[in-house]
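A.B. asks: Take a look at this one; I'll ask things after.
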Amino acid sequence: MSETHPQIIAFTFRPPRPDILGVRASAPAARRARSKPLQEIVGLLSGRAHYTSLRDLLHQIFLNTKEKATALLRCDILMALHELNDDERPVPKWDGAHRFICCMDTALRELAFSRRLLREVMAQAATAGMPCAT
C-alpha cells in the first residue's frame, strides 16, 4: 500500500486534464442512470437484507474469480441507491464502504483528488485497517 501513496499524491496535484475523450460527458451517475439492468437490480433491493445478501454474493464472486466487474457492480449498486436518496433504503447505514466509494466516485467525476477528498479517502483507508504513508 505504501507504494501507492506517492502515486495518489502525484495524481492529486496534477492540473485538470482536458476532456479529450468526453469522459465528463459520460459521468458515472449518468452511466448508472442509463443502465436499465442496473436500475432493475436496484429496484429489486427493497431492504437491508436484500442489499446485504447481494453485496456478500458479489464479494464472494470477486474473491473466487478476481473479476473486477463484480466490484464495479457493487459500487454501481451502492451509488445508484445513494443517488436515489430514498429514506426507505438508507445505503449509508447498510454499507461501511459507502463513504469510501462516494469519495472515489467524486474523484472519478472530477478527474482529480482535492486535498479534502484525499484526506477523506486516507481516513477511510485507515479506518479499514490499511497502513498509511508516513
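The values are calculated or read from the model by the stated rules, or taken from the named source; none is laboratory data. What you see is a predicted model, and the numbers here were worked out from it, not measured in a lab. Cβ coordinates were reconstructed from backbone atoms using ideal geometry, including for glycine residues, and neighbour counts include every protein chain displayed. Each accessible area value is taken on the protein alone, full model and side chains, heavy atoms only, with ligands, DNA and RNA left out. Shrake-Rupley method; radii C 1.70, N 1.55, O 1.52, S 1.80 Å.
A.B. asks: Looking only at the range 105-120, which residues are in a helix (DSSP H, G or I) and farther than 13 Å from A27 by Cα? Break it down stepwise before answering.
C.D. replies: Let us first name the residues in the range 105-120 that are in a helix (DSSP H, G or I), namely 105-110, 115-120.
R115, R116, L117, L118, R119, E120, listed by residue number.
A.B. asks: Do we find that R55 is modelled with pLDDT of 85 or more and either in a loop (DSSP other than H, G, I, E, B) or of a type in the set (K, R) (or both) in this structure?
C.D. replies: Values: modelled with pLDDT of 85 or more: yes; either in a loop (DSSP other than H, G, I, E, B) or of a type in the set (K, R) (or both): yes.
When the stated conditions are applied, R55 passes them.
A.B. asks: So, in the range 40-63, of the ones that are open to solvent by 70 Å² or more (accessible area, probe 1.4 Å) and in contact (Cβ under 8 Å) with a residue 24 or more places away in the chain, which residue ends up farthest from I101 (Cα to Cα)?
C.D. replies: Among those residues, the one meeting the criterion is S46.
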